[in-house]
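Visitor: Handing you a structure now.
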Amino acid sequence: MAGGELALNVSSKEEAECLRIEAAQRDPSRFAELYEDNFERVYAFIARRVRDRDEAEDLTSEVFHQALANLARFEWRGVPFAAWLFRIAANAIIDRAKRAAKERDVPGPDQPAEVGLEDVEQRAQLFRLVGQLPPDQHRVIVMRFAEQKRIREIAHELGRTEGAVKQLQLRGLQNLRARLSDTHG
C-alpha cells in the first residue's frame with residue numbers, strides 16, 4: 001500500500017508542478033512560484049560549475065530571464081521543470097565561457113587546457129579527504145570554498161555563530177592538512 005501512496009504522491013507532485021507551469025504561461029506574474037521552487041537548485045547547479053559567486057548570480061538571473069521569456073514554448077512532458085532550467089543553465093554556462101574565451105583568447109570549453117594526471121589525482125584525493133571529514137566540518141569547508149560563501153552567510157544558514165563557523169573551518173583545514181601529510185608521508 002505504501003508503494004501505491006508514493007506513486008500517488010509523485011504523480012500529484014508532478015500534476016501540481018504542471019498546473020503551476022500552465023498558470024505561469026497564462027499569467028507571467030505566476031512565474032514567481034516556479035522561481036521560488038527552483039532558484040536554489042539552479043543556483044547550486046551553476047555555482048558548482050563556475051566557482052565564482054558573481055558569475056553564478058549573473059548566470060542564475062540570466063537562466064530565469066530566459067525561462068520566463070520562453071515559457072510559452074515550454075511543453076510538459078512529465079519531466080521536472082528543473083530539468084528544462086538545468087538545460088538552459090548548461091547552455092548559458094557554455095555561452096559565457098565561449099564569450100570569455102574569445103575576449104581573453106584562452107581555450108574555451110571545447111578546447112580544455114592541459115591538466116596533468118598528477119593534478120587530477122591530487123584533486124581527486126582532496127575531494128575524497130573532504131568527503132571523509134566530520135559532517136559539520138565537511139559542510140563548512142564545502143560552503144566556504146566550493147560555494148564561496150562568507151563566514152556570516154554560513155553562520156546564518158547553519159544557525160551558528162560566526163566564531164563557531166570559523167572554528168569548524170579551522171578544524172576542517174587542520175584535519176585535511178593532517179590527512180594529506182599522512183598520505184604523502
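The values are calculated or read from the model by the stated rules, or taken from the named source; none is laboratory data. Keep in mind the model is a prediction, meaning the values are calculated, not measured. Note that we place each Cβ from the backbone using ideal geometry, even for glycine, and neighbour counts take in every protein chain shown.
Visitor: Just checking, how many residues over segment 144-175 are farther than 17 Å from residue 51 by Cα, assigned to a loop (DSSP other than H, G, I, E, B) and not hydroxyl-bearing (Ser, Thr, Tyr)?
Guide: Result for segment 144-175: 2.
Rundown of residues vs (1) in contact (Cβ under 8 Å) with a residue 12 or more places away in the chain; (2) more than 20 Å from the chain's Cα centre (by Cα), yes/no style:
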site: 20; (1), (2): yes, yes
site: 25; (1), (2): yes, yes
site: 35; (1), (2): yes, no
site: 41; (1), (2): yes, no
site: 64; (1), (2): yes, no
site: 77; (1), (2): no, yes
site: 89; (1), (2): yes, no
site: 100; (1), (2): no, yes
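Visitor: Kindly check whether there is at least one residue in segment 125-139 that is surrounded by fewer than 15 Cβ atoms within 10 Å (Cβ to Cβ), modelled with pLDDT under 80, more than 19 Å from the chain's Cα centre (by Cα) and not in a helix (DSSP H, G or I). If you could, list the steps in order and put the result at the bottom.
Guide: Kept after step one, since they are surrounded by fewer than 15 Cβ atoms within 10 Å (Cβ to Cβ), are these residues of segment 125-139: 125-128, 131-132, 134-135.
Now restrict to residues that are modelled with pLDDT under 80: 125-127.
Filter once more, keeping what is more than 19 Å from the chain's Cα centre (by Cα): 125-126.
Then keep just the ones that are not in a helix (DSSP H, G or I); that gives none.
For segment 125-139, residues surrounded by fewer than 15 Cβ atoms within 10 Å (Cβ to Cβ), modelled with pLDDT under 80, more than 19 Å from the chain's Cα centre (by Cα) and not in a helix (DSSP H, G or I): absent.
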